[in-house]
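Single-structure report; data block below.
The values are calculated or read from the model by the stated rules, or taken from the named source; none is laboratory data. Note that the structure is a prediction, hence the values are computed from the model and not measured. Glycine gets a Cβ as well: all are built from the backbone with ideal geometry, and neighbour counts include every protein chain shown. Areas reflect the complete protein model, heavy atoms only, side chains present, ligands, DNA and RNA absent. Shrake-Rupley method; radii C 1.70, N 1.55, O 1.52, S 1.80 Å.
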Amino acid sequence: MSFSIMVQTQDFEVGREYAELISGDTAAGAVVFFVGRVRDMNDGQQVKSMSLEHYPGMTENILQHILAEAKVRWELVAARIIHRIGELNLGEQIVFVGVTSAHREHAFQAAEFLMDFLKTQAPFWKKELGGDGKENWVAAKDNDEQRKSRWE
Amino acid sequence: MIRVLFLAQLREQLGTAELQVADGGITTIEALKQHLVVTHADWARFLFNNKLLVAVNHEYAKADVTIKSGDEVAFFPPVTGG
């Protein structure tokens with residue numbers, strides 16, 4: 001499972017993911033990972049918790065597709081994407097992207113590419129529960145589209 | 001039949017998660033939307049929103065995509081994962 005994706009309700013352990021990414025490998029001198037977490041403020045509003053839904057079937061397709069695209073663009077040894085769904089509280093982990101490569105610039109760039117494409121392509125949606133008790137679907141940010149367009 | 005899904009906020013706006021549409025004569029996304037608003041006029045402002053995304057059989061639909069019986073067509077708002 002040197003290249004893999006996972007959509008799951010349960011939490012993940014970064015240490016274990018790191019260990020698995022480098023398991024049995026001595027070629028990758030560089031490892032980069034990113035973790036996204038539920039933060040307490042969004043667009044100036046207090047957030048209490050969040051629920052994440054996705055489009056089963058398509059999500060996995062898209063994540064596999066962007067992983068394949070990263071493999072074409074950079075020299076990667078291994079990569080893994082984990083995205084959680086369901087109910088998430090403040091501070092909980094949402095997403096993990098880990099990339100290993102012989103060279104750090106490949107690992108850095110591929111990790112950023114994977115996140116930029118995940119955020120704009122993978123069919124996940126966040127609904128926040130605000131401090132005022134109101135539910136609010138998170139709006140897509142134009143900034144994310146701009147970040148993605150850097151890679152085109 | 002064409003299986004039509006509405007996801008996330010769009011599902012709540014339409015009050016519908018899924019429906020089956022008899023595919024007689026419907027071969028494009030545009031025709032499918034037109035068909036849907038015949039029976040649900042109040043859906044027009046959501047379905048003809050130009051930010052709406054469309055997938056056919058789990059892939060983003062290109063403008064000229066052709067749909068046929070047995071296809072799964074999903075409509076959804078811009079994605080917000082990560």
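Side notes on the structure shown:
- Screening segment B:8-59 for residues that are of a type outside the set (A, V, I, L, M, F, W, C) and crowded, with 16+ Cβ neighbours inside 10 Å and picking the one that is nearest to A:A139 (Cα to Cα) gives B:Q9.
- Selection status of A:F12, among the aromatic types (F, W, Y), outside any strand (DSSP E or B), farther than 17 Å from B:V79 by Cβ and open to solvent by less than 40 Å² (accessible area, probe 1.4 Å): yes
- Of all residues in segment A:18-73, those satisfying the criterion of being open to solvent by less than 50 Å² (accessible area, probe 1.4 Å) and not hydrophobic (A, V, I, L, M, F, W, C) are A:D25, A:G36, A:N42, A:S49, A:S51, A:E53, A:H54, A:Y55, A:G57, A:T59.
- Scanning segment A:18-37 for residues that are within 30 Å of A:V47 (Cβ to Cβ) and out of contact with any Phe, Trp or Tyr (no Cβ under 6 Å at 6 or more places or on another chain) returns A:Y18, A:F33, A:F34, A:G36, A:R37.
- Count - residues of segment B:12-48 that are within 11 Å of the chain's Cα centre (by Cα) and among the charged types (D, E, K, R): 3
- The criterion of at least 2 residues that are of a type in the set (A, V, I, L, M, F, W, C) is met, among strands (runs of 3 or more DSSP E) falling completely within segment A:82-143, by A:93-101, A:124-130.
- Test for A:A107: is it farther than 30 Å from B:A74 by Cα and touching a helix residue (DSSP H, G or I) at 6+ places or on another chain (Cβ under 6 Å): no
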